[in-house]
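Comments concern the structure below.
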Amino acid sequence: MESENKYLQAFKEWYDSLKVVKANKGPANGTLAASLVVLDRLKANYSLDLSEQVAPRGTQIKGASGGKVAEILKSFGELRPFSKEGGRTNRGGLSEVKSMLDALGEMELDRLSIEERNSSLHAFQSFIVDRIKDYHNRQKIKFSFDPKLTTWQMIAQLLETAKEEGKAGPVAQHLVGAKLQLRFPDIAIQNESAFTADQQTKRQGDFFVGNTVFHVTVAPMQGVFQKCQENLADGLKVYLLVPDSKLAGARQVAEEFAGKQIAVESLESFISQNLEEASVFTADRLAAKLSALLQIYNLRVDDVETDKSLMIELPSNLT
């Protein structure tokens, strides 16, 4: 028992050395998923050679998939979806798996019997599963409804809270999707994970309504302006939605790229516009509209995101 505790402590030290992802308040999901898969394989074939843990091209963890990770988690009683890719495409995963293999090498588990070694590997997996449970159990984003504030100000505060928690990008995207769905209930508004690249789905932007494409970003870089140019070349109208703090700069760059053809608006204005008008400028009706917006947001997040802490907790005066 004492030796098992020693090994587990060494494993925890490896875990604590991993780079912390702000939005997760812990390591990248892909790293945890890949580690579970590798630890599982080590039970059958205890080789700490990294080359035996990667796929033929040497860029991905062998056997890592969402299905495999789900299978391992299920064996520990954890049924919630975690990582769709199973750590297969995590860019930092290889180096972090290598550091785990190095840590295992320092423990000299190869000196143990197979039964003893597998018991330790199982304990390491259990530790990771507990961290995944912590990930799932994180609190939702807080939203404060203050009828004395404008809708613009409340949305701005919500986006700032998301930024502080490292969730600004996903929250912005899903708020825009919710706003479009609320505004156009008879139109199917696409809903993709905020972590899905446009190239993977061949989509023209984050949202497409009529002949207009919407790009949502909290950090407008050259790539998004190039996408806007491509949209314009395809005969589409283009909206670029950015934080109010980035609005002036984004408009300047957009004009350099495409004259005045790109409509650059602040996220705060776009999300909040029409809500007060639709509520006839009354507090009760505004509360109902905001509640509807955030409920749609939560449904959209729940449908496509494994990270449920992206959901927004509605305050008691808004429910």
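General observations
- Picking from residues in the stretch 123-144 that are outside any loop (DSSP other than H, G, I, E, B) and small (Gly, Ala, Ser), the one that is surrounded by the fewest Cβ atoms within 10 Å (Cβ to Cβ) is SER126.
- If the condition is being at pLDDT 90 or above and hydrophobic (A, V, I, L, M, F, W, C), then the stretch 29-57 contributes LEU32, ALA33, ALA34, LEU36, VAL37, VAL38, LEU39, LEU42, ALA44, LEU48, LEU50.
Residue-by-condition table, conditions (1) of a type in the set (A, V, I, L, M); (2) closer than 30 Å to GLN9 by Cα; (3) touching a residue at least 40 places away in the same chain (Cβ under 8 Å):
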| position | (1), (2), (3) |
| --- | --- |
| LEU101 | yes, yes, yes |
| ASP110 | no, yes, yes |
| SER113 | no, yes, no |
| TYR135 | no, yes, yes |
| PHE143 | no, no, yes |
| LEU149 | yes, no, no |
| TRP152 | no, no, yes |
| ALA162 | yes, no, no |
| GLY169 | no, no, yes |
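- Checking every residue in the stretch 30-40 against the condition of being touching a strand residue (DSSP E or B) at 6+ places or on another chain (Cβ under 7 Å) and more than 29 Å from SER113 (Cβ to Cβ) gives zero matches.
- Among the residues of the stretch 180-199, those that are in a helix (DSSP H, G or I) and in contact (Cβ under 8 Å) with a residue 40 or more places away in the chain comprise GLN181, LEU182, ARG183.
- Of the residues examined, ASP307 is one that is among the charged types (D, E, K, R) and either outside the structural domain of GLN204 (by TED's automatic domain parsing) or touching a residue at least 60 places away in the same chain (Cβ under 8 Å) (or both).
- Test: residue in the stretch 100-108 that is under 28 Å from the mean Cα position of the chain (by Cα) and assigned by TED's automatic domain parsing to the domain that holds PHE11: yes
- Search result, residues across the stretch 201-223 that are of a type in the set (A, V, I, L, M, F, W, C) and either under 19 Å from the mean Cα position of the chain (by Cα) or surrounded by fewer than 20 Cβ atoms within 10 Å (Cβ to Cβ) (or both): PHE207, PHE208, VAL209, VAL216, VAL218, ALA219, MET221
- Taking the stretch 17-32 as the range and being more than 11 Å from the chain's Cα centre (by Cα) and within 20 Å of ASP102 (Cα to Cα) as the test, the residues that pass are SER17, LEU18, LYS19, VAL20, PRO27, GLY30, THR31, LEU32.
Results for (1) surrounded by fewer than 21 Cβ atoms within 10 Å (Cβ to Cβ); (2) assigned to a loop (DSSP other than H, G, I, E, B), shown as yes or no for each residue.
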position: VAL97; (1), (2): no, no
position: LEU104; (1), (2): no, no
position: ASN118; (1), (2): yes, no
position: ASP146; (1), (2): yes, yes
position: GLN157; (1), (2): yes, no
position: ALA162; (1), (2): no, no
position: ALA178; (1), (2): no, no
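- Number of positions in the stretch 68-86 that are at pLDDT below 85 and polar (S, T, N, Q): 1
- Subset of the stretch 173-196 [under 12 Å from the mean Cα position of the chain (by Cα) and among the aliphatic types (A, V, I, L, M)]: ALA194
The values are calculated or read from the model by the stated rules, or taken from the named source; none is laboratory data. As the structure is a prediction and not an experimental result, all values here were calculated from the model. Glycine also receives a Cβ, built like all others from the backbone with ideal geometry; neighbour counts cover every protein chain displayed.
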